[in-house]
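Here, each number is a calculation from the coordinates, and none is a lab measurement. As the structure is a prediction and not an experimental result, all values here were calculated from the model. Cβ atoms come from the backbone with ideal geometry, glycine included; neighbour counts cover every protein chain shown.
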Amino acid sequence: MTDDEKDLPQSDASGSGKEKENDQSPSLDKRVTQPGRHVGDRYVRIVRPTGSGLRGHGGRWVATEETMERTGRVGRAWDSALRFLIGKRLETEAEGEERVGVATGLPILASDNISSSAYATEEAMRVLALAGTAALALTMPIAIAVVFVLAIVILSESRVIRAYPNGGGSYLVARENHGVIAGLVAASALLIDYVLTVAVSTAAGVAAISSFVPELHDYRVVAGLALIALLVIGNLRGVREAGVLFAAPTYAYMIAMYGLVAFGLFRIVTGDPPAPVTPPNPFPPDGTAPLTLLLVLRAFASGSVGLTGSEAVANGVPSFRRPETTNAIKTLVLMGTIFATIFLAITWLSTTIGIQPDLKEQETVNSMMTRAIVGAGTPFYYIVQVTTAIILLLAANTGFTGFPRLASVLANDRFMPRHFADVGSRLAFNFGIIVLALLACVILGCNQATGINSILSYLVIILKQAGMTASHATQGDFVVKSLNCLMTIVAVALIDRRGRKFLLVVGTSGIIGKHTIGCIISIAGHAFRIAVCGTATPIYRSHCATTAFWKSDLADQ
């Protein structure tokens, strides 16, 4: 122990001084009052902890690396593996250094929106092609309308960033202006969207890669799980390192697409327009449906996939360097500009050249346009296709950025377990990252395997693992399978009598009901935590269980 001695006025050694000392916050510094050499003198000996795995001064102590080291051979091996995969632990003071700038934040938070430019044109064209090839002339006006809506979204998101610089996005806006229920509805929708973004983007990326490597088709589930694991490792290393890892593919896609567009415009301007490429399975030239207003609106809705991912920047404002608000708005504007230019250019070139979508989606519009401009089998063709496949995979990283941070905001408001607000050794929200990965893996595995049948086949085992007895698990298996059979009959009857539109309405109602149930669960959990915390007087701003423990621990001392 090291001792520092300081003079203390006589008044401070009185009873009032002791009351002040008792009113202070708990400290690891121990103050011992001793009499001085002269009558009435008092000295205070401040005893600071040394050699106990702590460092610091002025009443502020930080655990050292030695304190966090595990003991034993297995523990040291585990620490070595984590250090190799994730990196060394970071101090809390390094949080500012882990933030990202505009150049790094763009590939982290905007990859989902930018990657939408690869397929947004095709989604709108596939709907218009139902009315015949002549209806494809409406693709460009629809693209302009989508970009106009995106401009409105970016303007509104920029105002959200200024008003709520601590992140939270739509959840905080809805909660502050429309109440807790509206905020929870927005939060549940965003959390579900982030989970599905990871699962769908990973599946789309694997499908794009399997088109080049057919041998991977039978192992696409394993490949998808491996890619999600790679994203988890990258994000557990922290926001800054994740940005460094994922920046190069995003910028490579942007350079490849701008180069393709520039070369295509050059050929058209110089009088050498590319010849159209016939899709492997073309739509009927006369169409199979009339061109109505509803069909045009449906094409607009399909092309609006380009609006996805715009919320991630508003949720991730705290990830930017100072000034956070300015950097976030710059990233948001750059994201919208990059998507709009690539999307409009692809749409204009596709309609000008005469590219048509493939009926069976065997080849994408992007691939056919690239073949028409630079030729099939050329190195640049493969560069465009590879970078497109990679950025579709990295679009899943937007979910890994938005889900943990939004979950931490909800955890701080006590609508989710407090572990979502904990940061790991690299100052990332490890719990949220891992939970998101597990949910995405379950969705990806069940969907790619055999759908609901995979769950029904192992339902008894699942129920036993959940804590049910063997008899109850068997009864539950019978009830669930009977319900599945009944709902299958009902669905077939509804399709036969009312059509698929009615079944779509029922499915939409189920989604709304799912969000409602999520809100009810969050509110119930919030009320339970308030009921538990009501008996504890918090000392620190943390979870009530922690504060209650500290209070009882201090009382014992």
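List of remarks:
- Under 5 Å, built H, 5+ apart or other chain: amide partners of L427: L90
- Residues whose placed amide H lies under 5 Å from that of R42, excluding near-sequence neighbours: L8, G36
- Kirkwood Rh in Å, taken over all unlike Cα pairs in the range 274-395: 17.2 Å
- Neighbour counting of Cβ atoms within 10 Å sorts the residues L359, L394, L236, fewest neighbours leading, into L359, L236, L394.
- Residues K30, K330, K360 in ascending order of nearby Cβ atoms (within 10 Å, fewest first): K360, K30, K330.
- Computed from phi, the 3J(HN,Hα) profile of the range 362-371 under the Karplus parametrisation 6.51, -1.76, 1.60 (θ = phi - 60°) reads 6, 9, 7, 5, 4, 5, 5, 5, 5, 4 Hz, with x in place of Gly and Pro.
- Calculated on the Cα set of the range 99-449, radius of gyration then Dmax: 20.4, 64 Å.
- Per the Debye calculation on the range 357-432 with a single equal scatterer at every Cα and no solvent contribution, log₁₀ I(q)/I(0) for q = 0.23 Å⁻¹ amounts to -1.00.
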